[in-house]
Structures are given as C-alpha cells and as structure tokens.
Amino acid sequence: MEPLLTIDPRNLPFEGRRLTGTLPVSLVEIPETNTIRPTGPIEYNLHAVRDDDNVVVSGSLRAPFSLDCVRCIAPFDYLVEIDDYEIEVPIENDQMIDLTEGLREDILLALPSYPRCEDGNVSPRDCPAEGLFEPNSDNEPDQAPTDSKTADWDVLDKLK
Ligand SMILES: [Zn+2]
C-alpha cells in the first residue's frame, strides 16, 4: 500500500505536531469481500510526539462504512469512531515513519465481526429478523455462532 500518512522524525518539533485531514476510501477497501464497504474518506485528528526512540501518535479516527446485517442481510451504516487511538512506533535510523498500514488494520479491526442492524450507530433501527431465528437462544448460550448463522440462512431460504 502506498504511504498515505507519514511522519519524518527529524522534522518533529519537541512539542510534537498535530496531524489532521482525510485519507481516501482506498485505505480501507477490501478487494476480497463486498460485504465491508467504506462509504467516505477517513478523518484523522492525531498528535505525534517524539519520546526517546519512539514516536507516539494519539488522537481520533472516523471512518464510515456500509455493512450487511448477518441476520436480515440488509445493509446498514456503521461509523468507526476511535477516540482513544494511540500507537507507539520505534524510530529506526531517523527513517520516515509510515502510519498507513497500521491505521488500515486498526480501523478494520474496529468493525463488528458479526454485524447486525442494532450495531448501526448512524441511523439505528431494529433488525426485522430479530428473534425470528433464535427462539431458544436464551436457553442455549453455548451454541456456536457459526451454527446459528447457518440456521439463519436455511430459514431465510424458506421465507423466499
Ligand atoms: Zn438485520
């Protein structure tokens, strides 16, 4: 991935430097899947400061996505908001520090692994399939998520 956000440790003032702006959607695109769709630029508001042999970067990140609910398959908007972002990157021979790959990973990791309508934090809604497929879920807490997901798809096929 091309470097989109870099820090030159040699030019970092003692008090640090504020980094604000946006990064293109391509940062968090995943070619292998069409269920995780970034819908707009990533906003960053970070502060970078040198600490001995490291650069400490902290601040906040915002990245809008459209995800598919695993229950009802409908897409919903999800905004990744990380307000306590902090990473520490070692300085090696005063070389440029590239934050691109780390930001990409941290934003994608903040996405729900089993997205559901009720996770939507942009325009919240109840999942229309809520409760349809898991009437006994309270009694079967040990049921594996993959099993219940498979069952969901079976029921959905019958509804068509
Ligand atoms: Zn849903």
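The values are calculated or read from the model by the stated rules, or taken from the named source; none is laboratory data. Computed from a predicted structure; not experimentally measured. Quick reminder, even Gly has a Cβ in these numbers, built from the backbone with ideal geometry, and neighbours come from all protein chains shown. The protein model used for the area step is the full one, side chains on, heavy atoms only, and it has no ligands, DNA or RNA in it. Shrake-Rupley method; radii C 1.70, N 1.55, O 1.52, S 1.80 Å.
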> Around P64, what is the net charge, scoring Lys/Arg as +1 and Asp/Glu as -1 over all other residues with Cβ under 12 Å from its Cβ?
Replying inline: -1
>> Can you give me the distance in nm between label points at T22 and I87, each placed 7 Å from the Cα along the Cα-to-Cβ direction?
In response: 2.1 nm
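Over the stretch 6-124, what is the mean sequence separation of C-alpha contacts under 8 Å (at least six apart), divided by residue count, expressed as relative contact order in percent? Could the numbers behind the result be given before it?
Numbers: 229 pairs, mean separation 31.1, N = 119.
Dividing the mean separation by the residue count of the stretch 6-124 yields 26 percent.
In a shell of Cβ-Cβ distance under 14 Å around N11, excluding N11 itself, what net charge do Lys and Arg (+1) and Asp and Glu (-1) give?
Details: positive: R10, R17, R18, R50; negative: D8, E15, D94.
That sum, taken over residues with Cβ under 14 Å, equals +1.
If you add up the charges near D77, with Lys and Arg at +1 and Asp and Glu at -1, over every other residue whose beta carbon is less than 14 angstrom from its beta carbon, what do you get?
0
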> Where the centroid of each part is defined by its Cα atoms, how far is the stretch 73-118 from the stretch 14-38 in Å?
Replying inline: 8 Å
> When the chain is fully extended, how far beyond the present Cα-Cα distance does D98 get from D52, taking 0.36 nm per residue of separation?
Replying inline: 14.8 nm
> On the accessible surface of the stretch 1-106, probed at 1.4 Å, how many percent belong to carbon and sulfur atoms?
Replying inline: 45 percent
